[in-house]
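Inspection log for the structure reproduced underneath, given as structure tokens.
Computed from the coordinates by the stated procedures, all read-outs in this text should not be read as laboratory data. Fair warning: this is a prediction, and the values are worked out from it, not measured in the lab. Backbone-built Cβ (ideal geometry, glycine too); neighbour counts: all protein chains shown.
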Amino acid sequence: MTRVRISVGIILLLVGVSIFSGIWADRKKALLTAEAKQVSEAFESGRTEDARKYAHILCRDWEDTRKKASFFVKYDRLLELDRIAAHFESMAETGDDELLPQIAEFIHMIEL
């Protein structure tokens with residue numbers, strides 16, 4: 001009987017952690033997507049200083065999210081997102097037209 005209780009406790013713990021991680025990941029996805037769209041909109045409207053500022057915020061939030069997401073997501077997916085996000089701030093600062101496709105790819109990969 002004790003084994004059954006321990007097994008049920010472990011299963012309930014796993015279900016709780018799964019639900020929590022799903023909710024957390026969904027909230028972070030929504031936040032990062034909204035920030036990426038801010039960068040894109042500012043860049044499209046020609047406000048490069050605002051785009052650079054938003055890109056800095058996006059990169060900072062991505063770093064924070066990546067550290068925590070490494071417990072739930074395979075590292076190779078996070079590495080690809082790191083590669084894309086590493087260039088946002090410099091691209092926004094120089095006005096590189098490649099920023100918009102990179103932002104679109106970042107949003108697409110975040111949603112995956």
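Do we find a residue being touching a Leu at 6+ places or on another chain (Cβ under 8 Å), in a helix (DSSP H, G or I) and either in contact (Cβ under 8 Å) with a residue 24 or more places away in the chain or surrounded by 11 or more Cβ atoms within 10 Å (Cβ to Cβ) (or both) anywhere in segment 47-54?
Within segment 47-54 (the criterion being touching a Leu at 6+ places or on another chain (Cβ under 8 Å), in a helix (DSSP H, G or I) and either in contact (Cβ under 8 Å) with a residue 24 or more places away in the chain or surrounded by 11 or more Cβ atoms within 10 Å (Cβ to Cβ) (or both)), the answer is yes, since at least one residue qualifies.
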task = Can you give me the number of residues within segment 85-112 that are more than 11 Å from the chain's Cα centre (by Cα) and part of a helix (DSSP H, G or I)?
result = 14
query = With respect to Phe72, is the statement that it is hydrophobic (A, V, I, L, M, F, W, C), outside any helix (DSSP H, G or I) and in contact (Cβ under 8 Å) with a residue 40 or more places away in the chain true?
reply = yes
request  = May I ask you to list the residues in segment 44-72 that are of a type in the set (A, V, I, L, M, F, W, C) and over 11 Å from the mean Cα position of the chain (by Cα)?
outcome  = Ala51, Ala55, Ile57, Phe71, Phe72
request  = Sort out which residues of segment 14-46 are among the acidic types (Asp, Glu), surrounded by fewer than 16 Cβ atoms within 10 Å (Cβ to Cβ) and touching a residue at least 24 places away in the same chain (Cβ under 8 Å), and write them in order of number.
outcome  = Glu44
query = Mind checking whether some residue in segment 77-87 is in contact with a Ser or Thr (Cβ under 9 Å, 6 or more places away or on another chain) and either surrounded by fewer than 16 Cβ atoms within 10 Å (Cβ to Cβ) or closer than 30 Å to Val15 by Cβ (or both)?
reply = yes
query = In segment 42-67, how many are basic (Lys, Arg) and closer than 22 Å to Trp24 by Cα?
reply = 3
